[in-house]
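Undergrad: Take a look at this one; I'll ask things after.
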Amino acid sequence: MTRTRNYIYSAILLVGVALVGSACSSDDGVVVVSAAGPVSSAAVAQEAAAEQPAGVRVVGAVKEPVTVTAERLRTFPAQTQAVEFDSSKGRQSHVYEGAALVDVLSSLDVVTDGSAKNPALRLAVLATGSDGYRAAVSWGEFAPDFAATPILLAYAEDGRALEKPRLVVPGDGKGGRYVDGLTELRVVDLGVN
């Protein structure tokens with residue numbers, strides 16, 4: 001009899017949870033039911049993000065993955081770039097302040113194949129934004145001995161602090177590689193099979 005009663009209580013609890021979940025709505029249409037009541041999946045994602053260290057994660061062909069915080073970015077020599085580019089919102093004109101990508105990556109142990117000719121020229125950096133958008137730059141674009149483009153990890157735009165760093169690629173006619181809300185830089189050796 002006790003076992004049957006437990007099954008009935010379990011069934012009632014499941015039906016109650018289903019009713020609460022179906023009665024609640026959220027902006028993203030997904031509801032998580034907790035002891036405190038219904039919570040949208042967006043709120044759960046925000047809470048998970050708050051638990052992770054804020055900054056840009058550098059992974060891939062580096063000796064050890066690191067998170068570069070906004071505070072750490074500000075320890076590098078500040079670079080300022082006035083840029084213009086076309087975007088889906090029309091012509092953009094901004095002044096960015098930030099750390100040079102080459103300075104940040106040079107401070108890490110980037111792994112290259114020492115037996116390769118110009119091994120760094122086989123490297124690319126894939127930048128990922130908080131919305132999942134990705135764009136790449138090659139090492140030769142920002143290396144001082146080659147194109148020396150002053151690519152930035154910007155922490156300020158037009159004198160205002162950015163919530164998250166932005167990849168800024170001066171000289172690009174379109175803003176497609178201006179990755180907002182940087183969350184990750186993945187160093188990739190394109191010469192590895």
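Undergrad: Near K117, which lysines are there with a Cα under 29 Å away, not counting those fewer than 8 places off in the same chain?
TA: K63
Undergrad: Can you work out D for the range 114-193 in µm² s⁻¹ from Stokes-Einstein, where Rh is the Kirkwood radius over C-alpha pairs, the temperature is 4 °C and the viscosity is 1.567 mPa s?
TA: 96
Undergrad: Along the charge dipole of the range 52-189, pointing to its positive end and built from +1/-1 on Cβ of Lys, Arg, Asp and Glu, which listed residue (Y178, Q81, A120) has its Cα farthest out?
TA: Of the options given, the answer is Y178.
Undergrad: Compute the normalised compactness of the range 52-189: alpha-carbon radius of gyration over 2.2 N^0.38 Å, N being the residue count.
TA: Here the answer is 1.00, to two decimals.
Undergrad: Could I ask something else about it? Among residues other than T183 whose Cβ falls under 13 Å from its Cβ, what is the net charge (Lys/Arg +1, Asp/Glu -1)?
TA: +1
Undergrad: Among S87, S130, which comes first, second and so on when ranked by fewest other beta-carbon atoms within 10 Å?
TA: S87, S130
Undergrad: For the residue pair S93 and S107, what label-to-label distance in nm results when each label sits 7 Å from Cα along the Cα-to-beta-carbon direction?
TA: Going by the 7 Å Cα→Cβ label model, 3.3 nm.
Undergrad: Between K174 and A136, with labels modelled 7 Å along Cα→Cβ, what's the label distance in nm to one decimal, could you check?
TA: A separation of 1.7 nm, rounded to one decimal place.
Undergrad: Let me ask you something else. For the range 88-137, report the translational diffusion coefficient in µm²/s to the nearest whole number, using Stokes-Einstein at 20 °C, 1.002 mPa s, and a Kirkwood Rh over Cα pairs.
TA: 153
Undergrad: Could you work out the relative contact order of the range 66-155? I mean the mean sequence separation of Cα pairs under 8 Å and 6+ apart, divided by the number of residues, in percent.
TA: After rounding, I find 28 percent.
Undergrad: Do any trypsin sites (Lys or Arg not before Pro) in the range 90-193 lie in a DSSP loop with no more than 14 other beta carbon atoms within 10 Å, and if so, which?
TA: Counting only loop positions with at most 14 other Cβ atoms within 10 Å, the trypsin sites (Lys or Arg not before Pro) in the range 90-193 are K117.
Undergrad: Please report V169, V59 as a ranked list, fewest other C-beta atoms within 10 angstrom at the top and most at the bottom.
TA: Lowest count first: V59, V169.
Undergrad: In addition: Between T75 and F146, what length in nm is gained on full extension when 0.36 nm per residue of separation is reduced by their alpha carbon distance?
TA: Extra length from T75 to F146 when fully extended: 23.1 nm.
All of the numbers you see were taken from the coordinates with simple rules; none came from a lab. Since the model is a prediction, treat every value here as computed from it, not as a measurement. A quick note on method: Cβ atoms are made from the backbone with ideal geometry, for glycine too, and the neighbour counts reach across all protein chains shown.
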